[in-house]
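*Asks:* Provided herewith is a single structure, encoded as structure tokens, for subsequent inquiry.
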Amino acid sequence: MATDVERAEQRPETLRGATVAALIWAVSLAAIAGTWVAARRWWFPELASQQGALVDRLFTTIFVIIAIVFVLVQATLGWVLWRYASRGAGHRAAPWHENPRLELAWTVIPAVILITLTVLGGSLWLRVHSAAPAGAMTVEVIAEQFGWRFHYPGPDGVLGSIDFRGDSRNAPLGLRADLAGAADDVVSRELYLVVDRPVRLLIRSKDVIHSFYVPHFRIKQDAVPGRTSPVVFTPTRTGTFPIVCAELCGVGHYVMAGTLKVVTADEFEAWLASQPTIGGVR
């Protein structure tokens, strides 16, 4: 049993431990409250695609797991400081060589969680990068310093072959009317899509690495020179949405923005019919 002298010596250690524990719990509560406020004001933009709902669900699952681990760790750390600081500076910790059950638990539980999240993430990735469903429209997305161009097939449904070496005002993306399938193609600075109709974007780069990012659709895909990256999704509501480049691509990166417009099928046909074609044909 501690004497009066020993208790007097322990008081500063007890006060210090309680202060640090209170500080840890206060910071943790502030982090939780800040996250709650951010989630209500500055969270994701309003969802506008089918696949985006799956992305949000996976993100929320990961976030909840991380939040639970964070709260448990901080609560335990604070409790240990508050509970054992009263033993005084001269008290030595007991040696502890092994605990097979505990070691097995903190190895197996994180492994199961990580494997589950990997499977869920891989499944979602395959759905976004799988073959396009029947009836999907196809659009080539061309990234370049510092803007976007969108290549649509004409009534024949065939995209003419792009040749960046011949890119000019009279032959955008190197498309010429005498190339197979190119005469009725359209090249636009805006991306038009049809609501509730699946789309397959073929994302390419003319020069350096860019990243095609539409926050409302939860779509983000790098555009790599020499490679075509397909992405499949379905818009779920009409509207105008920003396109940004999410990869630092040069001194003009900050101005590399575009516009995505989701319209009805009739509005899309009217817009496409109003655009000039490569060969001036319909």
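*Asks:* Quick one: which strands (runs of 3 or more DSSP E) lie wholly within segment 98-211 and hold at least 2 residues that are under 19 Å from LYS261 (Cα atoms) and in contact with a helix residue (DSSP H, G or I) (Cβ under 7 Å, 6 or more places away or on another chain)? Step through it out loud before you land on a result.
*Replies:* Details: elements: 137-144, 147-152, 186-188, 191-194, 199-205.
By residue number, 147-152, 186-188, 191-194.
*Asks:* Of the numbered conditions (1) at pLDDT below 95; (2) surrounded by 19 or more Cβ atoms within 10 Å (Cβ to Cβ); (3) under 24 Å from GLN145 (Cα atoms), ARG169 satisfies every one except a single condition; which is it?
*Replies:* Looking at each condition in turn, ARG169 falls short on (2).
*Asks:* A follow-up question, please. Take the residues of segment 226-262 that are open to solvent by less than 20 Å² (accessible area, probe 1.4 Å) and of a type in the set (Val, Ile, Thr): which is nearest to LEU193 (Cα to Cα)? Let's see the steps before the verdict.
*Replies:* Step one: list which residues in segment 226-262 are open to solvent by less than 20 Å² (accessible area, probe 1.4 Å), which gives 229, 231-235, 241, 243, 245, 249, 252, 256, 258, 260, 262.
Applying the additional criterion that residues be of a type in the set (Val, Ile, Thr) yields 231-232, 234, 243, 262.
Working: VAL231: 14, VAL232: 12, THR234: 9, ILE243: 13, VAL262: 5 Å.
By that ranking, first place goes to VAL262.
*Asks:* Select, from VAL224, VAL186, VAL158, the only residue that is touching a Ser or Thr at 6+ places or on another chain (Cβ under 8 Å), of a type in the set (A, V, I, L, M) and closer than 18 Å to ALA273 by Cα. Explain how you work it out, then say what you get.
*Replies:* Details: VAL224 fails: closer than 18 Å to ALA273 by Cα; VAL158 fails: touching a Ser or Thr at 6+ places or on another chain (Cβ under 8 Å).
Going through VAL224, VAL186, VAL158 in turn, just one is touching a Ser or Thr at 6+ places or on another chain (Cβ under 8 Å), of a type in the set (A, V, I, L, M) and closer than 18 Å to ALA273 by Cα: VAL186.
*Asks:* Yes or no: segment 151-159 includes at least one residue that is without any contact (Cβ under 8 Å) to a residue 60 or more places away in the chain, farther than 19 Å from VAL194 by Cβ and open to solvent by less than 30 Å² (accessible area, probe 1.4 Å).
*Replies:* No - not one qualifying residue is present in segment 151-159.
*Asks:* Moving on. Going through segment 206-225 one residue at a time, which ones are buried (at least 17 other Cβ atoms within 10 Å of the Cβ) and within 19 Å of TRP42 (Cβ to Cβ)?
*Replies:* Across segment 206-225, the qualifying residues are TYR213, VAL214, PRO215, HIS216, PHE217, ARG218.
*Asks:* Sort through GLU46, GLU98 and tell me the only one that's of a type in the set (Asp, Glu), in contact (Cβ under 8 Å) with a residue 40 or more places away in the chain and open to solvent by 70 Å² or more (accessible area, probe 1.4 Å).
*Replies:* Values: GLU98 fails: in contact (Cβ under 8 Å) with a residue 40 or more places away in the chain.
Criteria check complete, one pass: GLU46.
*Asks:* Can ILE62 be described as closer than 30 Å to LEU248 by Cβ, open to solvent by less than 90 Å² (accessible area, probe 1.4 Å) and of a type in the set (A, V, I, L, M, F, W, C)? Before you say what the answer is, go through the steps one by one.
*Replies:* Working: closer than 30 Å to LEU248 by Cβ: yes; open to solvent by less than 90 Å² (accessible area, probe 1.4 Å): yes; of a type in the set (A, V, I, L, M, F, W, C): yes.
Yes: the conditions hold for ILE62.
*Asks:* Cβ-Cβ distance below 6 Å, separation of 6 or more or different chains: which pairs start in segment 10-35 with a residue that is farther than 13 Å from VAL71 by Cα and modelled with pLDDT of 85 or more and end on one that is part of a helix (DSSP H, G or I) and of a type outside the set (Phe, Trp, Tyr)?
*Replies:* VAL20/LEU81; ALA21/GLY78; ALA21/LEU81
*Asks:* Within segment 133-143, how many residues are within 21 Å of the chain's Cα centre (by Cα) and of a type in the set (Gly, Ala, Ser)?
*Replies:* Within segment 133-143, residues that are within 21 Å of the chain's Cα centre (by Cα) and of a type in the set (Gly, Ala, Ser) number 1.
*Asks:* For ALA93, are the conditions met, namely being among the small types (Gly, Ala, Ser) and surrounded by 13 or more Cβ atoms within 10 Å (Cβ to Cβ)?
*Replies:* Values: among the small types (Gly, Ala, Ser): yes; surrounded by 13 or more Cβ atoms within 10 Å (Cβ to Cβ): no.
Taking the combined requirement at face value, the residue does not satisfy it.
*Asks:* Here's something else I'd like to know. Taking segment 173-187, which residues are in contact with a His (Cβ under 9 Å, 6 or more places away or on another chain) and either under 15 Å from ARG204 (Cα atoms) or hydrophobic (A, V, I, L, M, F, W, C) (or both)? Give the derivation first.
*Replies:* The first filter runs over segment 173-187 and keeps only residues in contact with a His (Cβ under 9 Å, 6 or more places away or on another chain), leaving 173, 175, 185-187.
Selection gives LEU173, LEU175, VAL186, VAL187.
*Asks:* Among the residues that make up segment 78-88, is at least one of them more than 22 Å from ALA22 (Cα to Cα) and either modelled with pLDDT under 90 or surrounded by 12 or more Cβ atoms within 10 Å (Cβ to Cβ) (or both)?
*Replies:* If we filter segment 78-88 for residues that are more than 22 Å from ALA22 (Cα to Cα), which is where we start, we get none.
Scanning segment 78-88 turns up no residue that is more than 22 Å from ALA22 (Cα to Cα) and either modelled with pLDDT under 90 or surrounded by 12 or more Cβ atoms within 10 Å (Cβ to Cβ) (or both).
*Asks:* For PRO198, are the conditions met, namely being surrounded by 17 or more Cβ atoms within 10 Å (Cβ to Cβ) and over 16 Å from ILE219 (Cβ atoms)? Even if it seems obvious, please write down each step before you answer.
*Replies:* Details: surrounded by 17 or more Cβ atoms within 10 Å (Cβ to Cβ): yes; over 16 Å from ILE219 (Cβ atoms): no.
The answer is no for PRO198.
*Asks:* Quick one: would you say ALA180 is surrounded by fewer than 17 Cβ atoms within 10 Å (Cβ to Cβ), farther than 14 Å from ALA48 by Cβ and either under 18 Å from the mean Cα position of the chain (by Cα) or not β-branched (Val, Ile, Thr) (or both)?
*Replies:* Working: surrounded by fewer than 17 Cβ atoms within 10 Å (Cβ to Cβ): yes; farther than 14 Å from ALA48 by Cβ: yes; either under 18 Å from the mean Cα position of the chain (by Cα) or not β-branched (Val, Ile, Thr) (or both): yes.
Taking the combined requirement at face value, the residue satisfies it.
The values are calculated or read from the model by the stated rules, or taken from the named source; none is laboratory data. Bear in mind the structure is a predicted one, so any value in this text is a computation, not a measurement. In this analysis, Cβ positions are derived from the backbone assuming ideal geometry, glycine residues included, and neighbour counts consider all displayed protein chains. Each accessible area value is taken on the protein alone, full model and side chains, heavy atoms only, with ligands, DNA and RNA left out. Shrake-Rupley method; radii C 1.70, N 1.55, O 1.52, S 1.80 Å.
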